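Note sheet for the following structure.
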Amino acid sequence: MYWLKTNIGKIEMDELSISNKLLEFRKQQPNFKDISFTTICAYRENAALMHYHPTEKQYSKVEASHLLLIDSGGQYLTGTTDITRTFVLGEMTLEERKDFTIALKAMFRLQNAHFIEGITTGANLDILARGVIYDYDLDYRCGTGHGVGHFLNVHEGPNGLRPKSLYGHEACIVPGMITTDEPGVYVEGSHGIRHENELLCVKHTENEYGTFLKFEPITYVPFDIAGLDLDYLSNHEIASINEYQQYAFDHIKDALTQEEKDWYLNNLFIK
């Protein structure tokens with residue numbers, strides 16, 4: 001993220017070279033074995049195609065304007081990752097800014113959910129994210145999330161978040177399950193926006209109503225807040241985003257240079 005945001009417009013970039021740069025960074029990490037799926041690096045209208053990825057024969061130049069979506073993951077001995085971030089590279093439209101914001105609202109609405117053990121399925125939780133998108137008469141033609149294996153499949157049941165079951169039955173979300181949270185907005189010919197964290201289901205509390213569960217994010221990567229329109233966010237939502245940005249910083253700060261730390265603290269919090 002730091003490399004991309006500080007070099008865009010200064011050096012030549014395209015979807016393929018950015019994908020290769022990301023792989024170069026991954027190879028520097030301990031326990032890395034391979035990517036967990038073909039990297040989706042999609043600029044502007046390419047990102048409206050949910051599973052687009054650049055190839056040696058077909059890729060787009062990336063310039064210092066509008067949005068770049070990167071959905072990538074790695075296979076590590078310690079687990080399998082799947083993460084999406086949408087980056088603001090320069091000038092963007094009001095529609096892009098609105099869609100960027102409501103997609104992040106939706107992701108946090110699900111990430112912050114509390115729910116009862118034993119009766120809550122992925123279909124029950126899907127509406128928490130999708131409902132935010134529905135509020136603006138929009139939808140995304142895919143699930144909200146899926147289970148992730150441990151150094152295994154990046155899509156692994158029985159857990160998942162979608163309006164109807166993918167597996168022929170509904171599995172309750174239980175402690176220990178890792179599920180992605182990835183709502184988005186896709187406008188054909190214009191842009192695609194997705195924000196994705198992996199969430200670990202954990203026990204929250206127990207009382208006369210039952211055992212309450214919640215999600216703990218295990219993706220420690222900040223969001224690019226340059227795309228936000230604060231008019232679409234409540235004070236509570238702004239505080240929640242800043243809390244996550246701090247949470248991510250606290251987990252990764254020891255791996256950052258002083259220059260990277262300063263850039264993070266100056267650019268990635270809503271003031």
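Among the residues of segment 40-87, how many are in contact with a strand residue (DSSP E or B) (Cβ under 9 Å, 6 or more places away or on another chain) and either assigned to a strand (DSSP E or B) or polar (S, T, N, Q) (or both)?
Residues in segment 40-87 being in contact with a strand residue (DSSP E or B) (Cβ under 9 Å, 6 or more places away or on another chain) and either assigned to a strand (DSSP E or B) or polar (S, T, N, Q) (or both): 25 in total.
Considering only segment 201-210, how many residues are loosely packed, with under 15 Cβ neighbours inside 10 Å, at negative phi and assigned to a strand (DSSP E or B)?
5
Filter segment 153-200 down to the residues that are aliphatic (A, V, I, L, M) and out of contact with any strand residue (DSSP E or B) (no Cβ under 6 Å at 6 or more places or on another chain), then identify the one that is farthest from Val221 (Cα to Cα).
My answer is Ala171.
Looking at the structure I just gave you, is Leu67 in contact with a Lys or Arg (Cβ under 9 Å, 6 or more places away or on another chain), surrounded by 13 or more Cβ atoms within 10 Å (Cβ to Cβ) and modelled with pLDDT of 95 or more?
When the stated conditions are applied, Leu67 passes them.
Conditions tested, residue by residue: (1) closer than 16 Å to Glu198 by Cβ; (2) surrounded by fewer than 20 Cβ atoms within 10 Å (Cβ to Cβ); (3) touching a residue at least 40 places away in the same chain (Cβ under 8 Å); (4) touching a Cys at 6+ places or on another chain (Cβ under 8 Å).
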residue: Ala103; (1), (2), (3), (4): no, no, yes, no
residue: Leu110; (1), (2), (3), (4): yes, no, yes, no
residue: Ile119; (1), (2), (3), (4): no, yes, yes, yes
residue: Arg141; (1), (2), (3), (4): no, yes, yes, no
residue: Gly147; (1), (2), (3), (4): yes, no, no, no
residue: His155; (1), (2), (3), (4): yes, yes, no, no
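Suppose the filter is on the phi < 0 side of the Ramachandran plot, modelled with pLDDT of 95 or more and in a helix (DSSP H, G or I); does Asp126 pass it?
yes
Kindly indicate the residue of segment 129-143 that is more than 15 Å from the chain's Cα centre (by Cα) and outside any helix (DSSP H, G or I) and also modelled with the lowest pLDDT among those meeting that condition.
Residue satisfying both the conditions and the ranking: Arg141.
The values are calculated or read from the model by the stated rules, or taken from the named source; none is laboratory data. Because the structure is a prediction, the values reported are computed rather than measured. Cβ: placed from backbone, ideal geometry, glycine included. Neighbour counts: every protein chain shown.
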